[in-house]
Amino acid sequence: MKLHLLNRTSPGNSSFMVSHNLYPHFLKIWHYHPELELIAIEKSSGTQFIGDSIEKFDVGEVILIGKNLPHMLLNDDVYFDESSKKVAESFVVHFKKEFLGNGFLTISETKPITDLLDRAGRGIKFLQVDNQLIQDIKGLLNLEPFERLIKFVEILNALAKHKPYRLLSSMGYVNSFLKTENKRLHKIYEYVFKNFKNSIGASDVASVIGMNPSAFSRFFKQVHRKTFTRYLNEIRIGYACKLLLEDKMNITAIAYESGFNNISNFNRQFKMIIGKPPSSYIQYHTDKMEYA
């Protein structure tokens, strides 16, 4: 996926921008921008790519994406069918970290918000979000400028206190992406995201960026504090989790679809990375939905 820089600048003198998006599908572009992005998904489902995280997204989810963190919400195939009546609807806020001035985030009263925006550098998915908070995000569109500003600060404060939540992208990815002068890393991420379902290894990626395999392995581990094999398996398992939650294929089919060439290795890597085997992962999320 080629990475694009998009313009999300607020119009006029507004300190932040609120928009209601209603399209047949979300923007199918792997992109980033200097503004943070708060998304409340009203209608839609698909796969979210945020940094090096790959997960399923669905209705009712709230996600905060940090400054310059690459991302894309890719709708399920049915949304791209010309005969489909499905729509992708979301309420989105784009804002700079310093949207209220540099001094606002340095005072003790706003420390929870400051910490939230720092955590957003990895992307945050908020779990079990109260419907009132989602309504508050949607309602920003209907407020006068001053009331909108006050309400948005209240929303950020509520999110800062909200638990549970999950950080999405790995710290290694975020740290390496901040080194924008390193074009080799962008080529690595682009190649892996396009080919992780196939049989690839460190030597394949090394050839893409013009390094010998040994030098590439040392380079990658120095940047990410993990081997390339571990990184690749995390990408594949993240995609497998998304497929498991969709419940459209059995575990064996998902293993091969995610890039593993045998089920035993898939099960071993899944338990190592997620902490439980695939069957327990499915049961855990099924139980959560039944009691939600």
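The values are calculated or read from the model by the stated rules, or taken from the named source; none is laboratory data. As the structure is a computational prediction, the values presented were derived from the model and not from experiment. As a convention, Cβ positions derive from the backbone with ideal geometry for all residues, glycine included, and neighbour counts pool all protein chains shown.
Residue-level analysis places Tyr173 among those that are surrounded by 18 or more Cβ atoms within 10 Å (Cβ to Cβ) and either touching an Asp or Glu at 6+ places or on another chain (Cβ under 8 Å) or among the aromatic types (Phe, Trp, Tyr) (or both). Scanning region 60-90 for residues that are among the acidic types (Asp, Glu) and not in a loop (DSSP other than H, G, I, E, B) yields Asp77, Glu89. Among the conditions (1) farther than 30 Å from Ile254 by Cβ; (2) assigned by TED's automatic domain parsing to the domain that holds Met17, the only one that Gln128 does not satisfy is (1). Residues in region 193-208 that are outside any loop (DSSP other than H, G, I, E, B) and free of Cβ contacts under 8 Å to residues at least 60 places away in the same chain: Asn195, Ala202, Ser203, Asp204, Val205, Ala206, Ser207, Val208. In region 32-54 there is no residue that is loosely packed, with under 15 Cβ neighbours inside 10 Å, in contact with a helix residue (DSSP H, G or I) (Cβ under 8 Å, 6 or more places away or on another chain) and closer than 29 Å to Glu144 by Cα. Please determine whether any residue of region 176-184 is in a helix (DSSP H, G or I) and free of Cβ contacts under 8 Å to residues at least 40 places away in the same chain. For region 176-184, residues in a helix (DSSP H, G or I) and free of Cβ contacts under 8 Å to residues at least 40 places away in the same chain: present.
Going through (1) exposed (fewer than 12 other Cβ atoms within 10 Å of the Cβ); (2) in contact (Cβ under 8 Å) with a residue 12 or more places away in the chain; (3) assigned by TED's automatic domain parsing to the domain that holds Thr47 one by one, Phe146 falls short only on (2). Applying the criterion of being in contact (Cβ under 8 Å) with a residue 40 or more places away in the chain and either among the basic types (Lys, Arg) or in a helix (DSSP H, G or I) (or both) to the residues of region 245-285, the residue that is nearest to Val78 (Cα to Cα) is Glu246.
The residue of region 1-46 that is farthest from Tyr189 (Cα to Cα), among those that are modelled with pLDDT of 85 or more and among the hydroxyl-bearing types (Ser, Thr, Tyr), is Ser15.
Name the single residue that is farthest from the chain's Cα centre (by Cα) among those in region 114-153 being under 12 Å from Leu167 (Cβ atoms), part of a helix (DSSP H, G or I) and among the aliphatic types (A, V, I, L, M).
Leu116
Looking only at region 209-240, which residues are touching a Phe, Trp or Tyr at 6+ places or on another chain (Cβ under 8 Å), assigned to a helix (DSSP H, G or I) and crowded, with 16+ Cβ neighbours inside 10 Å? Within region 209-240, Phe216, Ser217, Phe220, His224, Phe228, Tyr231, Leu232, Ile235, Arg236, Ile237, Tyr239, Ala240 meet the criteria. Whether a residue is out of contact with any Pro (no Cβ under 6 Å at 6 or more places or on another chain) and over 14 Å from Pro278 (Cβ atoms) was assessed, and Ile235 passes this test. For the criterion of being closer than 21 Å to Glu246 by Cα, at pLDDT 95 or above and either buried (at least 19 other Cβ atoms within 10 Å of the Cβ) or of a type in the set (Phe, Trp, Tyr) (or both), Ile137 fails.
Kindly list the number of the only condition in (1) part of a loop (DSSP other than H, G, I, E, B); (2) over 14 Å from the mean Cα position of the chain (by Cα); (3) farther than 22 Å from Leu244 by Cβ that fails for Glu42. Unmet for Glu42, out of (1) part of a loop (DSSP other than H, G, I, E, B); (2) over 14 Å from the mean Cα position of the chain (by Cα); (3) farther than 22 Å from Leu244 by Cβ: (1). Does at least one position in region 98-106 carry a residue that is out of contact with any Ser or Thr (no Cβ under 7 Å at 6 or more places or on another chain) and surrounded by 16 or more Cβ atoms within 10 Å (Cβ to Cβ)? Within region 98-106, not a single residue is out of contact with any Ser or Thr (no Cβ under 7 Å at 6 or more places or on another chain) and surrounded by 16 or more Cβ atoms within 10 Å (Cβ to Cβ).
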